[in-house]
Amino acid sequence: MNVNDMPIDDAGSWLCTHADDSGKPSPSTRLQVDDTAEWRPFEVELRPPRRTLRCPDCGTYWRIWPSDKVARPSIEWNVAQRSALATKYRRDSRLDISQVVDALSHRFPTIMILQQQGSWIADDDGLWWFSLPDTDCRIQVESMNGDCPFLVEAHGIARLRVSTVDELIRLISEYVAGVSLKDE
Ligand SMILES: [Zn+2]
């Protein structure tokens, strides 16, 4: 189990909790296993199967293991995808990495933030990649549970251990701002 995991109830549903852009709690959306799609990345049938669903109200990409009754949200940011979905909310999450994603997506709306995808429920997925489109800016951030401390790696940055959210936000902001300047 992962701290962000949501149990699926007997009716086959779980809640996606939301906040608005200013962080104010907003109405949740109840998601249903019946609405999920099978996830079969390599044309191989997974046993037990993993399914996926994107929340229509915040755009969160959920990974679902129905046989384990677990739904797990990905913590990501993709502004193009969000505009295409015309989403109203952000997912409300208290993890340190969620605060970092929120702060950086406000500061650099075009930043792309992707989380590692595991096929299996026990796979380690505590890896994130921050990048800027059309640049070679790429930062890797690692934390097994999504909370501090984080290990940060980027071209020109030796592997660094960062122990607070503010420090991580500042480090990535400076790196991204530096790359943006260089490319202008
Ligand atoms: Zn949602």
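Where a number appears in this text, it was derived from the coordinates with a stated rule and is not lab data. This is a predicted model, so every value here is computed, not measured. No Cβ is skipped: glycine too gets one built from the backbone with ideal geometry, and neighbour counts run over all protein chains shown.
Which residue, of Ile97, Ile121, Ile113, is aliphatic (A, V, I, L, M), assigned to a loop (DSSP other than H, G, I, E, B) and closer than 22 Å to Arg72 by Cα?
Ile121
Which residue pairs have Cβ atoms closer than 7 Å, lie 6 or more positions apart in sequence or on different chains, and pair a first residue in segment 64-75 that is at positive phi and part of a loop (DSSP other than H, G, I, E, B) with a second residue that is of a type outside the set (D, E, K, R) and surrounded by fewer than 19 Cβ atoms within 10 Å (Cβ to Cβ)?
Lys69/Pro7
Checking Gly59 against (1) in a helix (DSSP H, G or I); (2) on the phi > 0 side of the Ramachandran plot, which single condition isn't satisfied?
(1) is the only condition that Gly59 fails.
Quick one: how many residues across segment 9-37 are more than 15 Å from the ligand (Cβ to nearest atom), of a type in the set (A, V, I, L, M, F, W, C) and surrounded by 13 or more Cβ atoms within 10 Å (Cβ to Cβ)?
1
Tell me, please, whether a residue that is touching a Cys at 6+ places or on another chain (Cβ under 9 Å), buried (at least 18 other Cβ atoms within 10 Å of the Cβ) and assigned to a strand (DSSP E or B) can be found in segment 143-153.
Within segment 143-153, none of the residues are touching a Cys at 6+ places or on another chain (Cβ under 9 Å), buried (at least 18 other Cβ atoms within 10 Å of the Cβ) and assigned to a strand (DSSP E or B).
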